[in-house]
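Colleague: Take a look at this one; I'll ask things after.
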Amino acid sequence: MRNNRALAGVVFALTSSTLYGITPVFVHMAYDRGADPFGLMTARYAISVVVLLAVRFARVGMRNWPDRKTSVQLFLLGALGLYLNGVCVFSAMKRMDSGLMMVIFYHYPIVVVFLGWLFYGQRPARVIWPCLVATIGGVALTASDVSSAQSSGVLIILAGALVYSVYQVIGARVMPRTDLLTGLWMVFAGAGFSFATMWLLDPPGIESTMPANTIAWMAAAEIAVVGTVMAMGAFFAGMKRIGASNSAVIQTFEVIVTIGMGIAFL
């Protein structure tokens, strides 16, 4: 039974990384048609919140909400963690190749493993160590080929990886307090609130234009449904079964998918 649970966790993690890995193709599709990071992310979470609320309503109605403390924590997890990570990833994607960006981003499993060990006493299994060494080596080799023109993108994606590491470790503790659909909806609602606020305020120096044509909106819909609702649902389902550290290491499969999709379509 325990082996089946672990296997299911691995399958969910691989599914999540695959769905995330195909998303940059649609991000660039939207960018090529005039979308910008803040506007695209606002559309992404607006669609995600509506879709997930409809799914939750069909499954459980409007009952069984978590307690106030858990609700606030989940909302803030999205409003701060998911928001900041999204800004970093989508901004870096405008400054550098998506495959290169993802390779650098995926030093984050190292941070997740050590944060889990430091704060929660989750000592990593022996099999994790060679994986982490390989990750460090891959990031180091990749970073050595970064041009000066891409240096700002590197700094942004490193910040995004740090934010995502903290988000993942905290999420692993908070999400089990409620069901997956409810937890995801509250996280997405928090992220959507932050992006919608920035879009409404439209501060100087920050472009925040919603997609302006059909193809850009179709790309936003794919990012919302496949690259957000489905991908993150599989991510948390896998993390619930195998833990944050193991899930983070398996998620590095996303790099392979992203590079493959970039070669094929970008």
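Colleague: Check off (1) free of Cβ contacts under 8 Å to residues at least 24 places away in the same chain; (2) under 14 Å from the mean Cα position of the chain (by Cα) for Thr197 and give me the number that stays unchecked.
Modeller: Thr197 satisfies every listed condition except (2).
Colleague: Now for a separate question. What residue, of Pro130, Pro211, is farther than 23 Å from Phe75 by Cβ and modelled with pLDDT of 80 or more?
Modeller: Exactly one residue qualifies, and that residue is Pro211.
Colleague: So, in the range 200-248, how many residues would count as being polar (S, T, N, Q) and outside any helix (DSSP H, G or I)?
Modeller: 3
Colleague: Among the numbered criteria (1) in contact with a Pro (Cβ under 7 Å, 6 or more places away or on another chain); (2) at pLDDT 90 or above, which single criterion is violated by Ala221?
Modeller: Only one criterion in (1) in contact with a Pro (Cβ under 7 Å, 6 or more places away or on another chain); (2) at pLDDT 90 or above is unmet by Ala221, namely (1).
Colleague: Yes or no: the range 144-160 includes at least one residue that is polar (S, T, N, Q) and touching a helix residue (DSSP H, G or I) at 6+ places or on another chain (Cβ under 7 Å).
Modeller: no
Colleague: Say we look at the range 185-209 and pick out the residues that are among the hydroxyl-bearing types (Ser, Thr, Tyr) and touching an Asp or Glu at 6+ places or on another chain (Cβ under 6 Å); which of these is surrounded by the fewest Cβ atoms within 10 Å (Cβ to Cβ)?
Modeller: Step one: of the range 185-209, the residues among the hydroxyl-bearing types (Ser, Thr, Tyr) are 194, 197, 208-209.
If we keep only those that are touching an Asp or Glu at 6+ places or on another chain (Cβ under 6 Å) too, we end up with 208-209.
Numbers: Ser208: 19, Thr209: 15.
Going through the qualifying residues, I end up with Thr209.
Colleague: Quick one: is Ser16 at pLDDT 90 or above and within 19 Å of Ala212 (Cα to Cα)? Can you show your working first?
Modeller: Details: at pLDDT 90 or above: yes; within 19 Å of Ala212 (Cα to Cα): no.
The answer is no for Ser16.
Colleague: Sticking with this structure for a sec: Could you check the range 149-199 and list, in sequence order, the residues that are outside any helix (DSSP H, G or I) and more than 26 Å from Pro109 (Cβ to Cβ)?
Modeller: Asp179, the sole residue that qualifies.
Colleague: Restricting to the range 29-86, and then to whatever is touching an Asp or Glu at 6+ places or on another chain (Cβ under 8 Å) and in a helix (DSSP H, G or I), can you tell me which residue is farthest from Gly227 (Cα to Cα)?
Modeller: This residue is Val60.
Colleague: Mind counting the residues in the range 36-67 that are in contact (Cβ under 8 Å) with a residue 12 or more places away in the chain and either surrounded by 13 or more Cβ atoms within 10 Å (Cβ to Cβ) or β-branched (Val, Ile, Thr) (or both)?
Modeller: Result for the range 36-67: 22.
Colleague: If I go through the range 210-228 residue by residue, how many of them are of a type outside the set (A, V, I, L, M), surrounded by fewer than 17 Cβ atoms within 10 Å (Cβ to Cβ) and in contact with a Gly (Cβ under 8 Å, 6 or more places away or on another chain)?
Modeller: Qualifying residue count, the range 210-228: 1.
The values are calculated or read from the model by the stated rules, or taken from the named source; none is laboratory data. Please read these numbers as outputs of a predicted model, since none were measured by experiment. No Cβ is skipped: glycine too gets one built from the backbone with ideal geometry, and neighbour counts run over all protein chains shown.
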